[in-house]
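See below for the structure under consideration.
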Amino acid sequence: MNVTLRVWKQPAPNQPGRFESYPAKDIPAEASFLEMLDIVNNQLESEGKEPIAFDSDCREGICGTCGIVIDGRPHGPGKAITTCQLYMRAFNEGDTITLEPWRAKAFPVLKDLVVDRAAFDRVIQAGGYISINTGNACDANALPVAKLDSDRAMDAAACIGCGACVAACKNASAMLFVSAKVSHLALLPQGQPERRTRVVAMIEQMDKEGFGNCTNESECEAECPKEISVANIARLNREFLLAKLLT
Amino acid sequence: MELRSNVPDGPIEKKWDSHRFNLKLVNPANKRKHTVIVVGTGLAGASAAASMAELGYHVLNFTHNDSARRAHSIAAQGGINAAKNYQNDGDSVWRLFYDTVKGGDYRSREANVYRLAQVSANIIDQCVAQGVPFAREYGGLLSNRSFGGAQVSRTFYARGQTGQQLLLGAYQALMRQVHAKKVKLFTRHEMLDVILVDGQARGIVTRDMVSGKVESWTADAVVLATGGYGNVFFLSTNAMNCNVTAAWRAHRRGACFANPCYTQIHPTCIPVKGEYQSKLTLMSESLRNDGRVWVPKEKAVSEAIRKNQKSPNDVPDDGRDYFLERRYPSFGNLVPRDVASRNAKMVCDEGRGVAVSGLGVYLDFRDAIKRDGLDVIKEKYGNLFDMYHEITNESGYERPMMIYPAVHYTMGGLWVDYNLMSNVPGLFVLGEANFSDHGANRLGASALMQGLADGYFVIPYTIGGYLASNKAAKVGNDHAAVKDAMAGVNARVDKLLAAKGKRPVDHFHRELGKMMWEKCGMARNEAGLKEALAEIPKLREEFQRDVNVPGSASSLNQALERAGRVADFIDLGELMVRDALERRESCGGHFREESQTEEGEAKRDDENFCHVAAWEWKGDGQAQTLHKEPLTFENVKLTQRSYK
């Protein structure tokens, strides 16, 4: 199939960007979206032209590296998928497809479709862990965890940190991401000792990074490739309020 | 050169304890004076960096990913083994040790494997304490499953995302140390050389992948946890950016590369569709618990299916060859990975394969659905069926799934001793990047175990032993060796950019991959290997002349990153072929066609090949020298594996 790409091209972080058009010709419909970009890039490279820069790694939807806003939607059309899990059969012959990077103040563009998501790491650094040194642990079965709690913790822990929630939100809020980690750890008995300090520290860091606030419109949940529920945001608010009241 | 494994004396169950006691200690107040470089943030790298920082060492940690959380360990689905015996089904440290040595087809070092089994239980404790949400029973205790043909239930898992959850545990431990300023983390930094001073590893050279800046870093020791080299085959289940460059650069500086031809081929991957394909996707091998593997008995039927003139559902039972059940009646579809893979290749080579390319076999759930009902199968494997549907646009419930083996893991890697130190003093290698624990074949759910064992429970001890007994002076960035390494890296980058030929990097990578898969894959023979050995230098020459790497060195340049990696893959490929040629036996993950039993099964040759093949770099254009570390088995009796 043949499609036309309208791609955000930006040479470096502090330089202006603009859309450029690229033809994508003779693309097999079974190819994935990123394989289509590989084909276009290989063609560009053999002509000595700079390829379109984009991030991807595992190409099976788990590492969270890839992320392109495709026709206005983070990770493109389709539910519960990452960009690497999108296939060309989702498009029609002759389509013009628009490709943009995640757009958020806290995720500066590094080049073309590549953004810097280090802000997420810094939010985790602020408290998204259980403080236990290697060797300190007691026997794994010494502390039973109700299956329901464990399953809910796993639902939240499934977040891949791709940032689609931020890209989908008109406020560029990171609440879904932060709430997923806060929920994961708050639901487990091991996470209790730092439960109050953790949520406050992570929220402070989130604000410092320049992410916006949540206005409860759930675009994040709709675009989340792992279908992380906004119920986690409700839990985050509750945890934050309690922490502020009780400490 | 003599390769000293430094395995301690004494009975195997006492070795690690007595070694830990005998290792010298670094005084707590002195630990902060030592800087350790860790390259990689996967299970091995992140756990090592965090654990060493907790002890008080000053750690510099590097990853080429944009975040430490994205290392490829994240993609592991199945689980992690541990000898907890929570199920009361007869598991023990000894049994896990025994199974791993046997599964590795007697090509691993006994003492290392025993230690791995010993610390396996501590790993689970540590991960649970970190908040890893392993699957649990209603009583609140941990759940286990049997995995990869094991006779006991010792595998711990977190849905189909065990690697992800374990990695996030290690990543969070690492982030805590970054916050405490004990670890300095550098993301989007690619290691391009090791710096040696007086024969010791004292630093690395990196390229900042955003600014293009080439920098040097010095330390008292260097730890490589840089993963495997499966991408030498271009198509593999590895992530796009997995590469051998860090390990290969260390090899070029003198670290021996051990058993490079040992690669693991995973039987249940989605078959290749076309030339454009960028990677292969693995489906959990748990599917083989209920799916039946078959191809048509008649070549003509396969042909008709390939041409879409016939549906597999119309092939009657007596026209189907359930080849694993036929050949291995006692294990059936649950034979180990290498056996399942080899047999799939064999029936496809006979022209009975079914995918459009002819390289595919069926994994059929028809009978399981009939027996257990669609709901039960959906509940067990729903996510895998969804994934299959998403990729192939076909429903595995209505039409048998198609699978074909793909490269998944590499057992070979840099040679290390019992302390996980390479033959270059001060250069340690952990996880998939080393060669040590899996022999010629890795069992399911063992990779995660090894990565975390090395990082949490081995290197924190052995690094101390090295640092305490090594009193070398600090090395500054103005040292001649540092400048020399920097100049080498810059020259290499410039050379790649200067070629300005006509072909993209991927072209050469694909060509190399095809050659490696055909000549040095699941099955190899002397003639094919010799052909590959003659062709690879031509490919290298063509690459140097005709590659086109657009853009500059001083900005984010993904073509340049790939070019450097492919150049190293070409050199590695040549060594793999040389190693495969030398190993004239079938064992574990590979089948040497000249070495088979009358029934066509793999035939090991313990008399001549019960050793580790460790290759020493001799310079560009020179063949590496082979050193052999003999393997002795005092605790597990060598037997020919049989799954009949």
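The values are calculated or read from the model by the stated rules, or taken from the named source; none is laboratory data. If you're wondering where the values come from, they're calculated on a predicted model, not measured in any experiment. Cβ atoms come from the backbone with ideal geometry, glycine included; neighbour counts cover every protein chain shown.
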If you check B:Ser153, B:Ser108, B:Ser211, B:Ser146, which single one turns out to be polar (S, T, N, Q) and free of Cβ contacts under 8 Å to residues at least 12 places away in the same chain? B:Ser146
Could you list, in sequence order, the residues of segment B:68-88 that are farther than 16 Å from B:Leu174 by Cα, assigned to a loop (DSSP other than H, G, I, E, B) and modelled with pLDDT of 95 or more? B:Ala82, B:Ala83, B:Lys84, B:Asn85, B:Tyr86, B:Gln87, B:Asn88
Enumeration of residues in segment B:357-392 that are over 25 Å from A:Ala31 (Cα atoms), in contact (Cβ under 8 Å) with a residue 12 or more places away in the chain and among the aliphatic types (A, V, I, L, M): B:Ala368, B:Ile369, B:Leu374, B:Ile377
Failed item, numbered, when B:Pro400 is tested on (1) crowded, with 24+ Cβ neighbours inside 10 Å; (2) of a type outside the set (S, T, N, Q); (3) within 14 Å of chain A (Cβ to nearest Cβ): (3)
Can you confirm whether A:Phe211 is in contact (Cβ under 8 Å) with a residue 12 or more places away in the chain and more than 30 Å from B:Met387 (Cα to Cα)? yes
Residues that are within 11 Å of chain B (Cβ to nearest Cβ): list the helices (runs of 4 or more DSSP H) wholly contained in segment A:144-191 that include at least 1 such residues. A:147-157, A:175-186
Which of the following residues is modelled with pLDDT of 95 or more and either crowded, with 17+ Cβ neighbours inside 10 Å or assigned by TED's automatic domain parsing to the domain that holds B:Arg371 (or both): B:Glu298, B:Glu285, B:Glu275? B:Glu298
Being away from chain A (no Cβ under 14 Å) and part of a helix (DSSP H, G or I) narrows it down to one of B:Val232, B:Val222, so name that one. B:Val232
For B:Arg145, state whether it is more than 25 Å from A:Arg195 (Cβ to Cβ) and at pLDDT below 95. yes
Please report, ordered by residue number, the helices (runs of 4 or more DSSP H) entirely within segment B:322-415 with at least 1 residues that are under 30 Å from A:Ala90 (Cβ atoms). B:366-372, B:374-392
Verdict on B:Asn65 being part of a loop (DSSP other than H, G, I, E, B), within 14 Å of another protein chain (Cβ to nearest Cβ), free of Cβ contacts under 8 Å to residues at least 60 places away in the same chain and more than 24 Å from B:Ser284 (Cα to Cα): no
Sole miss for A:Glu217 among (1) more than 14 Å from chain B (Cβ to nearest Cβ); (2) outside any helix (DSSP H, G or I); (3) in contact (Cβ under 8 Å) with a residue 60 or more places away in the chain is condition (3)
Condition check for B:Ala559: in a helix (DSSP H, G or I) and crowded, with 18+ Cβ neighbours inside 10 Å: yes
B:Gly139 meets each of (1) of a type outside the set (Phe, Trp, Tyr); (2) in a helix (DSSP H, G or I); (3) closer than 20 Å to A:Asp149 by Cβ with one exception, condition (2)
Segment A:38-65 - residue that is more than 7 Å from chain B (Cβ to nearest Cβ) and free of Cβ contacts under 8 Å to residues at least 24 places away in the same chain and, of those, farthest from B:Leu168 (Cα to Cα): A:Glu47
Considering (1) outside any helix (DSSP H, G or I); (2) within 18 Å of B:Gly78 (Cα to Cα); (3) within 12 Å of chain A (Cβ to nearest Cβ), say which one B:Gln151 fails and leave the rest. (3)
Residue pairs meeting the criteria (Cβ under 7 Å; at least 6 apart or on separate chains; first under 20 Å from B:Phe633 (Cβ atoms), in segment B:11-34; second among the acidic types (Asp, Glu)): B:Ile12/B:Glu110
